[in-house]
1. Looking for whichever is modelled with pLDDT of 95 or more, over 13 Å from the mean Cα position of the chain (by Cα), in a helix (DSSP H, G or I) and surrounded by 20 or more Cβ atoms within 10 Å (Cβ to Cβ) here; the options are 67, 109. Which one fits?
2. Just to check your reading of the model, which residue among 39, 30, 53 is exposed (fewer than 15 other Cβ atoms within 10 Å of the Cβ), part of a helix (DSSP H, G or I) and of a type in the set (A, V, I, L, M)?
3. Of everything in segment 70-107 that's acidic (Asp, Glu) and in contact (Cβ under 8 Å) with a residue 12 or more places away in the chain, which residue is nearest to residue 44 (Cα to Cα)?
4. Which pairs turn up if I take residues in segment 134-146 that are within 17 Å of residue 87 (Cβ to Cβ) and look for partners that are loosely packed, with under 14 Cβ neighbours inside 10 Å and at pLDDT below 90 with beta carbon separation below 8 Å, at least 6 apart in sequence or on another chain?
5. Give the residues of segment 113-146 that are part of a helix (DSSP H, G or I), surrounded by fewer than 18 Cβ atoms within 10 Å (Cβ to Cβ) and of a type in the set (A, V, I, L, M, F, W, C), sorted by residue number.
6. Condition check: in contact with an Asp or Glu (Cβ under 7 Å, 6 or more places away or on another chain), hydroxyl-bearing (Ser, Thr, Tyr) and under 30 Å from residue 136 (Cα atoms). Does residue 29 satisfy that?
Amino acid sequence: MPRSRFAASLSTPKVEVAIDMGHPLLNVTVDGFLKIGTVAATRSAAEDVYHIVKKGSLSRHNVEQTLKKMCKEGAYWGTVAGVYVGMEYGMQRIRGTRDWKNAMIGGALTGALVSAASSNNKDKVVMDTITGGAIATAAEFLNYLI
């Protein structure tokens, strides 16, 4: 019985933008802000385009709302990412080693900081601290697998 096989490879373009802020901590923080902020803004735009196409009408108000939402989402998620990569880099420098523990501590500190800035509920801050550490650690372990 004849068999056929399909082998292909999918690669994505890699875009690297280097912005030298004069210090490695600032460099990784700004890099994280720009990369994740761009992803968040793009996701927001795609979501709004979907809703506009589904509704079937486009207005100036829709465009203005989409741009505002893109800026807000990009700034928020970019800031969270910038804080996280800065914290992780700081942990790496303090501990003198690069491992999953830096991600865990950086994620936990970022979760605590972002939560404390937006909530006065101590239980929520603790839960967000645990969540931030867990997500960052899981992401780091996934990076080892790939």
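1. That would be 109, the only listed residue that is modelled with pLDDT of 95 or more, over 13 Å from the mean Cα position of the chain (by Cα), in a helix (DSSP H, G or I) and surrounded by 20 or more Cβ atoms within 10 Å (Cβ to Cβ).
2. Working: 39 fails: exposed (fewer than 15 other Cβ atoms within 10 Å of the Cβ); 30 fails: exposed (fewer than 15 other Cβ atoms within 10 Å of the Cβ).
Every option except 53 fails the conditions.
3. Of segment 70-107, the ones acidic (Asp, Glu) are 73, 88, 99.
Subset that is in contact (Cβ under 8 Å) with a residue 12 or more places away in the chain: 73, 88.
Working: 73: 7, 88: 27 Å.
Among those residues, the one meeting the criterion is 73.
4. Close Cβ pairs (under 8 Å, with a partner that is loosely packed, with under 14 Cβ neighbours inside 10 Å and at pLDDT below 90) do not exist here.
5. Taking segment 113-146 first, the residues part of a helix (DSSP H, G or I) are 113-118, 122-145.
Pick out the ones that are also surrounded by fewer than 18 Cβ atoms within 10 Å (Cβ to Cβ) and you get 116-118, 122-124, 126-127, 130-131, 134-135, 138-139, 141-145.
Hits for segment 113-146 are 116, 117, 126, 127, 130, 134, 135, 138, 139, 141, 142, 145.
6. Values: in contact with an Asp or Glu (Cβ under 7 Å, 6 or more places away or on another chain): no; hydroxyl-bearing (Ser, Thr, Tyr): yes; under 30 Å from residue 136 (Cα atoms): yes.
Here the answer is no, as residue 29 does not meet what is asked.
The values are calculated or read from the model by the stated rules, or taken from the named source; none is laboratory data. A quick note: this is a predicted structure, and the numbers were derived from the prediction, not measured. Every residue, glycine as well, gets a Cβ built from its backbone with ideal geometry; the counts of neighbours run over all protein chains shown.
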